[in-house]
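Everything below concerns the one structure shown next.
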Amino acid sequence: MRLLPAISAVFLLACTTTLQALEPGPGETFSRYVDEKGNISLPADVRRSWSHLGSWVVNDPEAPGHGFHDVYVQPQALRDYLADGRFPDGAMLVKEIRMIQRATLTTGQAEWAENPKVWFVMIKDRKARFADSPHWGGGWGWALFDAQNPGKNVSKGWRDECLACHVPAKANDYVFIEGYPGLKGR
C-alpha cells in the first residue's frame with residue numbers, strides 16, 4: 001500500500017508535464033498564431049486553457065468597447081511577467097468582449113456576459129519582426145476579430161483602431177494592468 005502514493009505522485013507529475021507541453025507558450029506564438037507575413041490568427045478556446053488576468057465592464061453603450069471584457073494570457077507568459085514585470089517576446093493577450101445581458105432577478109438587478117462580440121489580440125514583439133505591417137507597432141502585434149467572422153482580422157491597423165484607446169497605458173507597455181489581479185500575483 002505504500003507504493004500507491006508514489007505511483008499517484010508520478011502520475012500527477014506526468015499529467016502536469018503533459019498539460020504544460022500542450023499549452024501554447026510565448027515561444028510558440030509566432031509559429032502557431034502569426035504567419036510569415038505577420039497576419040495574426042485568433043487562438044481557439046483561450047477560456048479553458050489560458051490564464052484569466054481579469055475582467056472589465058464598459059457600460060457606456062456609445063463607447064467603442066461597450067461590453068464585458070475578459071482578458072487571457074498564456075500561462076507561461078504570466079509566470080514570466082510575475083518573475084520580472086515584463087511580457088516576454090511572444091506573449092499573447094486575448095481580450096474577449098461580450099455583450100452585456102441585464103435582468104432583474106430574485107437577487108436584484110443583475111448584469112452578466114452574454115454572446116461574444118469581438119476579440120482583441122496583442123502579441124509582444126521585442127524584435128520588430130513586421131515593421132512594415134500596419135498591424136505591428138509599439139512593440140506589439142494588434143488584431144481585432146469579429147464574432148461573425150473570427151477567422152479574419154478586421155482591424156485597419158494598430159494606429160487607426162488600437163492606439164487611441166491604449167495611449168493612457170503607454171507607461172505600462174500599452175497594457176491596462178490595474179484591472180488585472182493576475183498580473184499582481186493575486
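The values are calculated or read from the model by the stated rules, or taken from the named source; none is laboratory data. As the structure is a computational prediction, the values presented were derived from the model and not from experiment. FYI the Cβ positions are ideal-geometry reconstructions off the backbone, even for glycines, and counts take in every protein chain you see. For accessibility, only protein heavy atoms count, side chains too; no ligands or nucleic acids. Shrake-Rupley method; radii C 1.70, N 1.55, O 1.52, S 1.80 Å.
Rounded, prolate or oblate for region 97-146? Axes are the square roots of the Cα gyration tensor eigenvalues, ordered a ≥ b ≥ c, and the cut-off for rounded is a/c under 1.5. Because a/c hits 1.5 or more and a/b exceeds b/c, region 97-146 counts as prolate. A 1.4 Å probe run over the chain, with the rest of the protein chains in place, finds 59 Å² accessible per residue. ARG129 exposes around 80 Å² of accessible area when a 1.4 Å probe is run over every protein chain in place. Under the simplified labelling scheme, the ASP60-SER41 pair shows an inter-label distance of 3.7 nm, with each label point 7 Å from Cα along Cα→Cβ. A full extension of the chain between ASP160 and LEU82 corresponds to an added length of 25.0 nm, given 0.36 nm per residue minus the alpha carbon distance. Using the Kirkwood radius over C-alpha pairs as Rh, can you work out the diffusion coefficient of region 108-186 via Stokes-Einstein at 25 °C, viscosity 0.890 mPa s, in µm² per second? Taking Rh from Cα pairs, D becomes 171 µm²/s. Across region 49-158, Cα pairs under 8 Å and at least six residues apart give a relative contact order of 18 percent. Here the contact order of the chain, divided by its residue count and restricted to Cα pairs under 8 Å and six or more residues apart, works out to 18 percent. Each Lys and Arg adds +1 at its Cβ and each Asp and Glu adds -1 at its Cβ; summed about the Cα centre, region 19-170 shows a dipole of about 180 debye. With one equal scatterer per alpha carbon and no solvent term, the Debye-computed log10 I(q)/I(0) for the chain at 0.17 1/Å reads -1.13.
For the chain, what % of the accessible area comes from carbon and sulfur atoms, probe 1.4 Å? Carbon-and-sulfur percentage of accessible area, whole number: 56.
Each residue of region 166-173 is assigned a 3J(HN,Hα), and the resulting list reads 9, 4, x, 9, 4, 5, 10, 6 Hz, derived from the Karplus form 6.51 cos²θ - 1.76 cosθ + 1.60 (θ = phi - 60°), x at Gly and Pro.
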